[in-house]
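Novice: Have a look at the structure that comes next, please.
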Amino acid sequence: MLKYNLHPASYIFHLPSPILHCFSLFLQHKKNAASHQRKTANKNLIDHIMDYRNIIDKYYPEDNELKRLLIRHSSDVARRALLIADRNPQMAFDRTFVEEAAMLHDIGIFTTDAPGIHCHGKDPYIKHGFNGAELLRADGLPHHARVCERHTGTGITREAIAAQGLPLPLQDFTPETPEEILVCYADKFFSKSHPERERTVEQTARSLEKFGGESVARFMAWARMFGED
């Protein structure tokens, strides 16, 4: 016969041995299941971290100045983007995607001719986002590819491509989703030519003046949206 005790913590110690044994097995099963979930979560985190590193290693196999610059710049962009995401929980950003996209947004720079930042490819630098998008689409990452092709300046419009004769397909390359806008915005605070610097909002706005008033206005609208104006 079961001996009840009003104190919940002492109740199980008065159970008959067979029931107590079954209860112990049940607790052990739950403990093992929780441990498995933790291990799976940790493995998924490790796999996630390794995914973008594997992609970077694929296109930048040598440990050289270009790769180190790419990783430093991309890490800076990811850090700022994630900080903004954390300060704006109401926007419900996909943090995992933001980190991945920030780390891969400049993956195409090696295809361009920009010796000042150790790039010795053939295409003009304006194509680095488009070229990177082509690489990521071939790797089965179409959403990350959109971030690549839409982060230059505050985005490049179809009208700008036509008016300036830019070597890009005649279509719109402006960021649209919250994550695309966030990575594009965070990227503007850093220059690969001076990787040691992080601009203020005001300095960044001034750096965009060469792209015209519309680009500055778009950036400042994003700054207000993210609470940084």
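The values are calculated or read from the model by the stated rules, or taken from the named source; none is laboratory data. Computed from a predicted model, the values in this text were never measured in an experiment. All Cβ positions, glycine included, derive from the backbone under ideal geometry; neighbour counts span all protein chains shown. Areas reflect the complete protein model, heavy atoms only, side chains present, ligands, DNA and RNA absent. Shrake-Rupley method; radii C 1.70, N 1.55, O 1.52, S 1.80 Å.
Novice: Write down the accessible area per residue of the stretch 144-196 in Å², having rolled a 1.4 Å probe over the full set of protein chains. Spell out each step's value before the answer.
Specialist: Values: 1980 Å² over 53 residues.
Value returned for the stretch 144-196: 37 Å² of accessible area per residue.
Novice: For residue 156, what residues show an amide H to amide H distance below 5 Å, using hydrogens built from the backbone and excluding near sequence neighbours?
Specialist: 173, 174
Novice: Now for a different question. What's the center-to-center distance, using Cα atoms, between the stretch 101-115 and the stretch 151-226 in Å?
Specialist: With the stretch 101-115 and the stretch 151-226 each reduced to a Cα centre, they are spaced 16 Å.
Novice: Going by amide H atoms built from the backbone, whose H comes under 5 Å of the H on residue 119, apart from near neighbours?
Specialist: Residues meeting the amide H criterion: 114.
Novice: HN-Hα J couplings of the stretch 125-132 from phi, Karplus 6.51/-1.76/1.60, θ = phi - 60°, integer Hz, Gly and Pro as x?
Specialist: Going residue by residue, I get 4, 4, 8, 5, x, 4, 5, x Hz, with x marking Gly and Pro.
Novice: Select from the stretch 115-224 those chymotrypsin sites (Phe, Trp or Tyr not before Pro) which occupy a DSSP coil region and have at most 11 other Cβ atoms within 10 Å, ordered by residue number. Could you put the intermediate results ahead of the total?
Specialist: Details: sites: 125, 130, 173, 185, 189, 190, 211, 219, 222; in loops: 189, 190.
In loop regions of the stretch 115-224 (DSSP not H, G, I, E or B), there are no sparsely surrounded chymotrypsin sites (Phe, Trp or Tyr not before Pro).
Novice: Then there's this: So if we plug the beta-carbon distance of residue 71 and residue 164 into 1/(1 + (r/R0)^6) with R0 = 41 Å, what FRET efficiency do we get, rounded to 0.05? Please list the in-between numbers first.
Specialist: On the way: r = 31 Å, r/R0 = 0.76.
Once the sixth-power term is evaluated, E becomes 0.85.
Novice: Separate question: Could you check the simple spin-label distance between residue 197 and residue 217, using points 7 Å along Cα→Cβ, in nm with one decimal?
Specialist: 2.7
Novice: Once phi is turned into θ = phi - 60°, what whole-Hz ³J(HN,Hα) does the Karplus curve with 6.51, -1.76 and 1.60 give for every residue of the stretch 188-202, x standing for Gly and Pro?
Specialist: Calculated HN-Hα couplings, in order: 5, 7, 10, 10, 5, 6, 9, x, 7, 9, 10, 6, 7, 4, 5 Hz.
Novice: Assuming a ≥ b ≥ c are the square roots of the Cα gyration tensor eigenvalues, decide whether the stretch 100-229 counts as rounded (a/c under 1.5), prolate (otherwise, with a/b larger than b/c) or oblate.
Specialist: Numbers: a/c = 1.36, a/b = 1.30, b/c = 1.04.
Here the stretch 100-229 falls in the rounded category.
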